[in-house]
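The values are calculated or read from the model by the stated rules, or taken from the named source; none is laboratory data. Source: prediction; values computed, not measured. Note that each Cβ is placed from the backbone with ideal geometry, even for glycine, and that neighbours are counted across all protein chains shown.
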Amino acid sequence: MEARRIADLADMHNVVLAPHNISSPIGTMAAAYVCAAIPNFLVLEWHSASVPFWDDLAKLSSPLIQEGYLIISDKPGLGVELDEDVAYQYRKHGEPFFK
């Protein structure tokens, strides 16, 4: 895993990591799990606050990020499920959509 190799190299030089993340809730959760496995992790950048339907893209009981924190789920897999109907609604028109 490339992210882990980068983290290990940075850790050898006492450098903390702040991975960049501009992704869906699914991608953000995947990034969070990678970050949880990195001892020199500092913060996961998140730039989706301006996307009004961001939380709607996943089937969530509450917003994924609350008060600046993301709680890693103990559910199987990434702990979040894509809401395909919402993803379809906000797809880029003219692009294929796979179900």
| task | For the range 1-15, state whether one or more residues are modelled with pLDDT of 90 or more, closer than 25 Å to ALA87 by Cβ and outside any loop (DSSP other than H, G, I, E, B). | result | no
| query | How about the range 61-99: which of its residues are part of a loop (DSSP other than H, G, I, E, B), among the small types (Gly, Ala, Ser) and surrounded by 10 or more Cβ atoms within 10 Å (Cβ to Cβ)? | reply | SER73, GLY77, GLY79
| request: Those residues that are of a type in the set (Phe, Trp, Tyr) and free of Cβ contacts under 8 Å to residues at least 40 places away in the same chain, I need them from the range 16-68; list them, please. | output: PHE41, TRP46, PHE53, TRP54
| said: Just to verify a result, which residue in the range 31-47, among those that are over 10 Å from the mean Cα position of the chain (by Cα) and not hydrophobic (A, V, I, L, M, F, W, C), is farthest from ARG4 (Cα to Cα)? | reply: HIS47
| query | If we keep just the residues of the range 19-42 that are at pLDDT 95 or above and assigned to a loop (DSSP other than H, G, I, E, B), which is farthest from GLU81 (Cα to Cα)? | reply | ASN40
| task | Filter the range 45-60 down to residues that are surrounded by 13 or more Cβ atoms within 10 Å (Cβ to Cβ) and among the small types (Gly, Ala, Ser) and give me whichever is farthest from ILE72 (Cα to Cα). | result | SER48
